[in-house]
Amino acid sequence: MQKSRNFLKTACVLGTLAFTAQSLRAADLYPITRDDKCGFIDNTGKVQIPATFKAVRPFSDGLAAAQQDDKWGFIDTEGRWAIKPEFEMADDFSEGLAKVCKKTGVLGLGGKTCGFIDQKGKFVIDYSYSDAGRFSEGLARVEKDKMWGFVDKTGKIVIEPQFNEAADFADGLSCVKAGGEWKGMYGFIDAEGKMAINPTFSASASFNEGLANFEKDGKCGYMDKSGKAVIEPQFEGAWGFSHGRACVKVGGKLGFIDKAGKMVINPVYENAKAFNEGLASVQREGKWGYIGTDGTTMIPLTYEEAGDFTNGLAQVKSRGVMSWVGKNGQTVWNPTTKSASLGG
C-alpha cells in the first residue's frame, strides 16, 4: 500500500502541458541520443537537429531546453539558440514562461533558487523561490520556506505559501497537502486559494476527465469535483483517467476500469501507464508492449522499456538500444549506439 501512496503523492505534484498553435511543428520533433550527444528527429526518422547537445528536453511552446557544457538555454525548431545557454537548470515553457534555477550555497550544495523567463530570455519573475512548478491556468506553484503557494504571470503572490505540497492547477482546482509534512492530508483549493474539497484524504492527485483518484483508510477510489466518491475506495492503487480508462491495482496486478468503475481490462499486468493517443504501455512477464482501450494487444510485449505515444511515435528500448516506433510497431529511428533511459 505504501507504494501506491507514494505514486499518488508524486502524481499530486505533476502538472499537464498544452501545446499551442505556435508549437505545432515543434510537436513533430522527437529527442534522440547518439554517441552521448542529443538532437532531434522528425516523425519520419530524419534527423532535423543534429546530435550536438549534452542534453535536451522536448519542445514546448516552440522552444526546447538544451544543455551545452554545464549551462542550459533554449533552441528553436532549426536548432538555433533562441535563448543563450546561461542557466544552471531549465524546465519546459508553459503558457509562455519557463522555470529556470541556479544553485545556492558552497559548491552549489545549498539547494537552488528559481524564477521564470519569457521566450526572449527576459526574467519576468526573478530568482525568488526554492522550487516552482509550471504555469497552468494562469498560475504557477512556488515554494518558499518549505511551504507552497501560487503566483500569477506578473510574479504577484495570489495564494500565500501555506501548503506542504501543491499540484499545478487542472480543471480549476489544485491538489494540496495541509496540516503538516507527516500528519497532513490532501484536499483541493480553487484559484482564489479557498478550500473547495476539504483535506481528508491520505493521498490524492489532480483531476483528469472530471475525476480524481484518492486514498482513504488504505483503499483507493475516485471522486468528482464536489468531493463525492463516485467510485468507492476498493483498490490497492489507483491512477488518473485518460481516454475514459484508469489504471487500478487489484491483487497485486494492474488493470483498467471505466468511469462507472467497471473492470474493462483485467488486472494481469505487472506495470502499466496511462493511455495516450489511444494506446497504453503495459508490462507482463518483464516485457513491455501496447494495448488499446478494449485491452487488445496492438504492439506485442517484446520491449525492455516503452514510453508514451506522442504525435504518433513512442520511444522504446530493445536489447539495450533506444528507438522510436510508430503505432504499427515499426521502427522509425534506431541509433547505432546505446542510450541509458527514456526521454533524452
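Read-outs: derived from the displayed coordinates by stated rules, not from any lab. From a predicted model like this one, the values you see are computed outputs, not experimental measurements. Note that we place each Cβ from the backbone using ideal geometry, even for glycine, and neighbour counts take in every protein chain shown.
In table form, for the structure just shown:
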quantity: Burial ranking of peptide ranges 36-49, 152-165 (average Cβ count within 10 Å, highest at the top); calculated: 36-49, 152-165
quantity: For the range 270-344, alpha-carbon Rg over 2.2 N^0.38 Å; calculated: 1.00
quantity: Estimated translational D of the chain in µm²/s (Stokes, Kirkwood radius over Cα pairs; 25 °C; 0.890 mPa s); calculated: 115
quantity: Length added when fully stretched, Val321-Lys54, from 0.36 nm per residue minus Cα-Cα; calculated: 94.3 nm
quantity: Using a Förster distance of 25 Å, the FRET efficiency for Asp126-Lys194 (Cβ separation, nearest 0.05); calculated: 0.30
quantity: Residues of type aspartates and glutamates that Lys146 reaches as a straight line, Cα spacing below 13 Å, ignoring anything fewer than 8 places off in the same chain; calculated: Asp131, Glu160, Glu165, Glu181
quantity: Calculated P(r) tail over 17 Å for the range 17-106, as whole % of Cα pairs; calculated: 45
quantity: Above-threshold pairs, the threshold being 18 Å between Cα atoms, out of Lys37/Lys71; Lys71/Lys112; Lys253/Lys273; Lys228/Lys273; Lys54/Lys84; calculated: Lys228/Lys273
quantity: Calculated FRET efficiency for the pair Lys225/Asp69, C-beta based, R₀ 41 Å, to 0.05; calculated: 0.30
quantity: Full-stretch length increase - His243, Asp145 - with 0.36 nm per residue and alpha-carbon distance subtracted; calculated: 31.4 nm
